[in-house]
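Notes to accompany the following structure.
The values are calculated or read from the model by the stated rules, or taken from the named source; none is laboratory data. None of these values were measured; they are calculated from a predicted model. Ideal geometry is used to build each Cβ from the backbone, glycine not excepted, and the neighbour counts take in all protein chains shown. For the accessible areas, the whole protein counts, side chains as well, though only heavy atoms, and no ligand, DNA or RNA atoms are used. Shrake-Rupley method; radii C 1.70, N 1.55, O 1.52, S 1.80 Å.
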Amino acid sequence: MNIFDILGPVMVGPSSSHTAGAVRIGNISRRLLGDKPVKAEIYLHGSFALTGVGHGTDKAIIAGLLGMETDNMRIPESFEIAVKEGLEYSIGTVNLKEAHPNSVLLKLKGEGGRELEIIASSVGGGRINVEEIDGIKTQFSGDYPTLVVHNEDRPGHVAQVTSALSHHGINIATLKLFRDKRGGYAVMIAETDQPIPENVVKWIERSEGVIKVTYINV
């Protein structure tokens, strides 16, 4: 067990679930977008929707989208900072079927044109889980170096990625595969014990059939 599972995260805000977890959701969403967000539609679900404003969940998500960490003293000022940095945002509520009570749907657009739709939840103690990316069900926490590969659902992609990581001495902690349908759009998520060098990520990006690659270095 990690000491932070007992003590909770180093954080600014009243709640590890509603504030620290929300910051982490915004931050990991920015990394998954792979671009500076310029537009964000934020839809709070469940407890986030009912009590989130009082706990600063809305400000925390914006802070994460701006690249802040959980201990940043500027989190309460995130709305004002977002305006200065050109982040256009809206905040509403949504009912997500079978979602964790502390969940949020984010629809993001980056300054380079990249777009991302993500559903993530805060599961307690500042920990989060990414439930869905661009309509495809996923399950990962962002606690490890994480490689997210969007690709066509064809034979050979898993072998390409795992061989590239093995060749560079990178051990895979978990490997999860998701797809919308057979032969359609797929997402591969590899959590690793070691950081992945940039040249390896670039090589995977250039592989045939790969649509998009995002790497989260924790």
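Details
- Screening 47, 90, 103, 78 for residues that are touching a Leu at 6+ places or on another chain (Cβ under 9 Å) and more than 30 Å from residue 184 (Cβ to Cβ) leaves exactly one candidate, 78.
Residues checked against (1) under 24 Å from residue 218 (Cα atoms); (2) modelled with pLDDT under 95; (3) out of contact with any Ser or Thr (no Cβ under 9 Å at 6 or more places or on another chain); (4) open to solvent by less than 10 Å² (accessible area, probe 1.4 Å):
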residue: 33; (1), (2), (3), (4): yes, yes, no, yes
residue: 43; (1), (2), (3), (4): no, no, no, no
residue: 48; (1), (2), (3), (4): no, yes, no, yes
residue: 57; (1), (2), (3), (4): yes, yes, no, yes
residue: 73; (1), (2), (3), (4): yes, yes, yes, no
residue: 79; (1), (2), (3), (4): no, no, yes, no
residue: 84; (1), (2), (3), (4): no, no, yes, no
residue: 88; (1), (2), (3), (4): no, no, yes, no
residue: 92; (1), (2), (3), (4): no, no, yes, no
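- Meets criteria (open to solvent by 20 Å² or more (accessible area, probe 1.4 Å) and under 24 Å from residue 29 (Cβ atoms)) for residue 217: yes
- Pairs, first free of Cβ contacts under 8 Å to residues at least 24 places away in the same chain in segment 63-78, second open to solvent by less than 30 Å² (accessible area, probe 1.4 Å) and assigned to a helix (DSSP H, G or I), C-beta under 8 Å, six or more apart: 74/63; 74/81; 78/60; 78/62; 78/63
- One residue from 135, 209 being among the small types (Gly, Ala, Ser), closer than 28 Å to residue 36 by Cβ and touching a His at 6+ places or on another chain (Cβ under 9 Å): 209
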